[in-house]
Amino acid sequence: MEDWGDVMFAYIMRRLLMLIPVLLGMTLITFSIVHLIPGNPAQVILGETASAQAIADLEENMGLTEPYFVQYGIYLTDLLQGDLGTSLRSKSAISSEIWPYIAATFELTVFAMLFAIFIGVNAGIISAWKQNTWFDYLAMLIALIGVSMPVFWLALMEQWVFAQELGWLPAYGRQESRDPIAAITHFYVLDSLIHLDFDRTVTILKHLVLPSIALGTIPMAIIARMTRSSMLEVMKSDYIRTVRAKGSGQFLIIYKHALKNAMIPVLTVIGLQAGVLLGGAILTETIFSWPGIGRYVYEAISYRDYPVIQSGILVIAFIFVMINLIVDILYKKIDPRIKY
Amino acid sequence: MLLKDKDEHTEQQIANPAKVGQQFDPEEIDAISPWKDTLRQLTRNRFAVIGFMIIVLFVLLGIAAPLLTPYAYQEQNLVNRLQPPSAEYWFGTDHIGRDVFTRLAFGARVSLQVGFFAVSGALIFGTSLGIIAGYFGRWIDMIISRIFDILLAFPSILLAIAIVAILGPSLENALIAIAIINIPIFGRLVRSRVISLREEEYIMAAKAQGMKNGRIILHHILPNSTAPIIVQATLSFGTAILEAAALGFLGLGVQPPTPEWGQMLADARDFIQLAPWTLIAPGVSIMLVVLGFNLIGDGLRDALDPKMKN
């Protein structure tokens, strides 16, 4: 039998190699964003009133005068050197200004995912445990509504009820704008802990509540449904009958024995939800004025800041691909029977 | 990707020759046709019936919109702006005095049309590409599958935003964007189905008889792939409507004054406290329509593929 470490290594290498054409294809698409604009991109970016000189300058600046394949070559070389281009709006290098946005989105999606997993998995387990009771029906009804609800509508309803009517939680931003934090990592929860400023941690966590719930609801609903059906499946298996025969209590059976196996398909779903989260982040961030990468791209669209649109989309897609890769690897580690 | 592998796995189980043999059991044939059976199972599924009724309701609302309301959807009445629901204005009025119910009813047309055309487009292109990739295999499969991989490497709404950023915001472009992001979903589904069908004995028999590829695809492959396509199309109809609403909300979809639910929510955003009804009506409509398609889709899946039943 082959060494387990070797198998894992070979698998990871193969997956990385398979990633190359996908990454190239992604850059081709983001490259095309500028070049598929009907008409002259420089003209579109600068607007109708731009002078011929300004257009010529921008074309020169963006290298638009070269043939396509040369431009693509330059684009790729720049990317490989970590050069994501220059924002037309802020005039600064995108690679140097993008990190706080990524951190903001990351913080939001992590909290959204924690919410989704904690509530989703537990609701699914209890639903399976109490199958066909009022709790089961209610939880599954909520899950069904959850997957059908537009993220942005839920976000607006939250703002209306919890921020404006009840005044419990803040409706906008990551922190009190009058009293900004001295950012170190740009993960504000972490930063406030580093500063040992726990009052601030509370404020920052309060800002996270509404956007996290809005963003996490769809994954939560999907995870709950998946956990329930997976749990019901596992509970029928022979080894659970054995555990039962041994005289273990229901709680122990579920959380100690059944959960581990029931989580395998759930983990896949959790991985697949990464895309939903990153996509949903654009909408959630717009509504909650959350300074994340989704909002960064969205604002760039209204300013026709094409380098930011290109690089922002590329960065999000890159993160998404990496998350999928990590999930696949974890999946293989948890269930070695899986063959690719 | 994991999902694909899992799909192929179940596809192979379905394609188990022993099981296929059972399908042609004389007793089964004596019973009723598969489509009638599906329909019967579907009408027995309470949730699917509720879903169907919701969709019919919104289709009727869209069709009968001009008859149901005395107002035009772009008609402004600044004196009566932000009016709460009343006998005169069933769902109230918005920030420039337009009747919310009227816009909702006409909005149903837009949303259902976008859903229909985007899903049709994705279905036609996705199925064709999936069949070509699965049936011919080799380098064609390589190329098409990599294109699917690349399209799926973007979070779908992000890809839609990118496409609209290229083409410019309009209803048609939003529709094209939504169709494109759904192509790989159909493509992969059909491809894995075709790959398992390709090895079936009756396909080999057809080939041995000298049947042309085109005929085999049309007469054998396509009819045997319809069940999963129909289920996916129903579920995608809901997602497409959600995606269209998201684009509309971001101002990248339908342009004013055409009423669209997502865009109505964007307008309502600034008046949440003053006029929550402008927020509730379009949101509930989107949710109900999507819920309707999800219920029908789940019901269809249970009826067409008992293996996937929870």
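A few notes on this one:
- Restricting attention to segment A:8-23, the residues that are closer than 22 Å to A:Gly312 by Cα and surrounded by 13 or more Cβ atoms within 10 Å (Cβ to Cβ) total 4.
- Enumeration of residues in segment A:113-143 that are under 28 Å from B:Ala244 (Cβ atoms) and open to solvent by 20 Å² or more (accessible area, probe 1.4 Å): A:Met113, A:Phe115, A:Met140, A:Leu141, A:Ile142
- Annotation: of all residues in segment B:69-82 being touching a Phe, Trp or Tyr at 6+ places or on another chain (Cβ under 8 Å) and touching a residue at least 40 places away in the same chain (Cβ under 8 Å), the one that is farthest from B:Ala268 (Cα to Cα) is B:Tyr73.
- The residues listed here are B:Gly253, B:Gly248, B:Gly262; of these, the one that is part of a loop (DSSP other than H, G, I, E, B) and either facing another protein chain (nearest Cβ under 8 Å) or more than 30 Å from B:Thr43 (Cα to Cα) (or both) is B:Gly253.
- Subset of segment A:321-340 (residues that are facing chain B (nearest Cβ under 9 Å) and modelled with pLDDT under 85): A:Asn324, A:Val327, A:Asp328, A:Tyr331, A:Ile338, A:Lys339, A:Tyr340
- Subset of segment A:169-194 [open to solvent by 60 Å² or more (accessible area, probe 1.4 Å) and within 14 Å of another protein chain (Cβ to nearest Cβ)]: A:Tyr172
- The residue list B:Ile216, B:Ile185 contains one member that is in contact (Cβ under 8 Å) with a residue 12 or more places away in the chain, over 18 Å from B:Val110 (Cβ atoms) and away from every other protein chain (no Cβ under 14 Å), which is B:Ile216.
- Among the conditions (1) out of contact with any Lys or Arg (no Cβ under 9 Å at 6 or more places or on another chain); (2) open to solvent by less than 30 Å² (accessible area, probe 1.4 Å); (3) in a helix (DSSP H, G or I), B:Ala205 misses just one, which is (2).
- Qualifying residue in segment B:32-45 (condition: in contact with a helix residue (DSSP H, G or I) (Cβ under 8 Å, 6 or more places away or on another chain) and modelled with pLDDT under 75): yes
- Every test in (1) at pLDDT below 85; (2) buried (at least 21 other Cβ atoms within 10 Å of the Cβ) is passed by B:Gln263 save one, and that test is (1).
- Consider segment A:264-281 and keep the residues that are within 9 Å of another protein chain (Cβ to nearest Cβ) and either part of a loop (DSSP other than H, G, I, E, B) or not aliphatic (A, V, I, L, M) (or both). The one that is most open to solvent (accessible area, probe 1.4 Å) is A:Pro265.
- Residue in segment B:67-77 that is under 30 Å from B:Leu295 (Cα atoms) and surrounded by fewer than 18 Cβ atoms within 10 Å (Cβ to Cβ) present: yes
- For segment B:89-176, the helices (runs of 4 or more DSSP H) that sit wholly inside it and include 2 or more residues that are at pLDDT below 85 are B:100-136, B:156-167.
Per-residue answers, yes or no, for (1) of a type outside the set (A, V, I, L, M, F, W, C); (2) under 23 Å from the mean Cα position of the chain (by Cα):
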site: B:Gly92; (1), (2): yes, no
site: B:Arg98; (1), (2): yes, no
site: B:Gly121; (1), (2): yes, yes
site: B:Ile131; (1), (2): no, yes
site: B:Arg138; (1), (2): yes, no
site: B:Ile143; (1), (2): no, no
site: B:Phe148; (1), (2): no, yes
site: B:Leu159; (1), (2): no, yes
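- Subset of segment A:155-168 [among the hydrophobic types (A, V, I, L, M, F, W, C) and surrounded by fewer than 23 Cβ atoms within 10 Å (Cβ to Cβ)]: A:Met157, A:Trp160, A:Val161, A:Phe162, A:Ala163, A:Leu166, A:Trp168
- Within segment A:96-113, being in contact (Cβ under 8 Å) with a residue 60 or more places away in the chain and of a type in the set (A, V, I, L, M) holds for A:Ile98, A:Ile102, A:Ala103, A:Ala104, A:Leu108, A:Ala112, A:Met113.
- Among the residues of segment A:282-327, those identified as within 20 Å of A:Met26 (Cα to Cα), open to solvent by less than 10 Å² (accessible area, probe 1.4 Å) and assigned to a helix (DSSP H, G or I) are A:Ile282, A:Ile293, A:Gly294, A:Val297, A:Ala300, A:Val308, A:Ile309, A:Ser311, A:Gly312, A:Ile313, A:Ile316, A:Ala317.
- Any hit, segment B:160-173, residues being closer than 15 Å to A:Leu23 by Cα and either more than 13 Å from every other protein chain (Cβ to nearest Cβ) or of a type in the set (A, V, I, L, M, F, W, C) (or both): no
The values are calculated or read from the model by the stated rules, or taken from the named source; none is laboratory data. Please read all numbers here as calculations on a predicted model, not as lab measurements. Here Cβ is always computed from backbone atoms with ideal geometry, including for glycine, and neighbour counts include all displayed protein chains. Accessible surface areas use protein heavy atoms only, side chains included; no ligands, DNA or RNA. Shrake-Rupley method; radii C 1.70, N 1.55, O 1.52, S 1.80 Å.
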